[in-house]
Amino acid sequence: MKIAVLVGSLRSDSYNKFLAENMQKRYQSEHELEILEIGDLPFYNQDDELDPPEVVKNFKRQVADADGVMIITPEYNWSVPGVLKNALDWLSRVDKVLIDKPVMTAGASPTALGTVRAQLHLRQILSAPGVSARVLPPGGNEVLINFASEKFDQSGRLIDESTLEFLDRIMEKFAAWIKK
Ligand code: FNR
């Protein structure tokens, strides 16, 4: 499967970016996870949506061409980071490339709640009419990696066995969700 990955943190040592990279490597024999650059997108402007800058056109094309989309994000002030909301706003307009697109969400934080409040907001955004993504249902499928500083090593490798086993199960479920 070809899976487009959006990471909600631009930080070089981001746990969420590490998570995306670990998954990209771990599942490379079955899935092609492509981490898309959302930090280069300009702020969404309705004046430009019919003929957006090339970087936006490319981004939308990459999402449209993917079999599924994975969104891996930190929580900023109990919600999703602005850079991710901006990317989703672009995707929600004109050709609306997320409609019916299989999506799964995940997040990592150094705190106890593992981005749960951001994930709830994200699910709300993903159900808006211009987005209407086909999101992997929550029951048992919520990837909330808390206390991230204990689960990744200094080089960004995910070393927590139970988290890795959980991710393996979720990836199988997501692949089935995409095929559905
Ligand atoms: C945070 N952080 C944070 N953590 C949390 O659990 N709930 C929150 O609401 C917030 N809010 C917040 C706002 C801003 C602007 C920053 C910079 C940080 C802490 C956050 O979880 C931590 O910095 C993570 O490491 C960010 O994710 P990455 O960059 O490691 O992927």
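Bear in mind that the values in this text are calculations on the coordinates, not laboratory data. As the structure is a prediction and not an experimental result, all values here were calculated from the model. Every residue, glycine among them, receives a Cβ derived from its backbone with ideal geometry; neighbour counts consider all protein chains shown.
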Check: In whole percent, what relative contact order does the chain give with Cα contacts below 8 Å and a gap of six or more residues?
Finding: 23 percent
Next item on the list: Express in whole angstrom the spacing between the alpha-carbon centres of the range 139-180 and the range 39-105.
Entry: 23 Å
Next item on the list: Work from the charge dipole of the chain (Cβ charges, +1 for Lys and Arg, -1 for Asp and Glu, about the Cα centre) and give the residue of Ile159, Ile125, Pro53 farthest towards its positive end.
Entry: Ile125
Note to self: Restricting to bridges with both residues inside the range 2-179, how much of the DSSP beta-bridge set is antiparallel, in percent to the nearest 5?
What the structure shows: 10 percent
Check: What does the charge dipole of the chain about its Cα centre add up to, to the nearest 20 debye, if the Cβ of each Lys and Arg holds +1 and the Cβ of each Asp and Glu holds -1?
Finding: 440 debye
Item checked: Amide H contacts under 5 Å for Gly8, placed H, 5+ residues apart -> Ile72, Thr73
Next item on the list: Rounded to whole Hz and in sequence order, give me ³J(HN,Hα) for the range 112-128 from the Karplus expression 6.51 cos²θ - 1.76 cosθ + 1.60, θ = phi - 60°, writing x for Gly and Pro.
Entry: 6, 8, x, 6, 4, 5, 5, 5, 5, 4, 4, 4, 5, 4, 5, 9, 4
Next item on the list: Mind jotting down the three principal axis lengths of the range 56-141 based on Cα atoms? Whole angstrom, largest first.
Entry: 38, 26, 20
Next item on the list: Please list the non-local residues whose amide H lies under 5 Å from the amide H of Val135, H modeled 1.01 Å from N, same-chain partners needing a gap of 5 or more.
Entry: Val103
Notebook entry, point to check: Taking the C-alpha atoms of the chain, how large are the radius of gyration and the largest Cα-Cα span, Dmax, in Å?
Noted result: 15.4, 48
Note to self: Charges at C-beta only: +1 for Lys and Arg, -1 for Asp and Glu. How large is the resulting dipole of the range 119-180 about its Cα centre, in Debye rounded to 20?
What the structure shows: 480 debye
Next item on the list: Quick one: plug the Kirkwood hydrodynamic radius of the range 34-90 (C-alpha pairs) into Stokes-Einstein at 25 °C, 0.890 mPa s, and report D in µm²/s.
Entry: 200 µm²/s
Next item on the list: Find the Rg to Rh ratio for the range 101-180, where Rh is the Kirkwood radius over alpha-carbon pairs and Rg uses the same atoms.
Entry: 1.01
Notebook entry, point to check: Non-local amide H neighbours of Leu33 (under 5 Å, H modeled in plane, Pro and chain starts lacking H): which ones?
Noted result: Ile3
Checklist line | Three-way shape call for the range 1-99 based on the alpha-carbon gyration tensor, with the a/c threshold at 1.5 | finding: oblate
Next item on the list: Let me know the charge dipole size of the range 1-61 about its Cα centre in debye, to the nearest 20, where only the beta-carbon of Lys, Arg (+1) and Asp, Glu (-1) is charged.
Entry: 360 debye
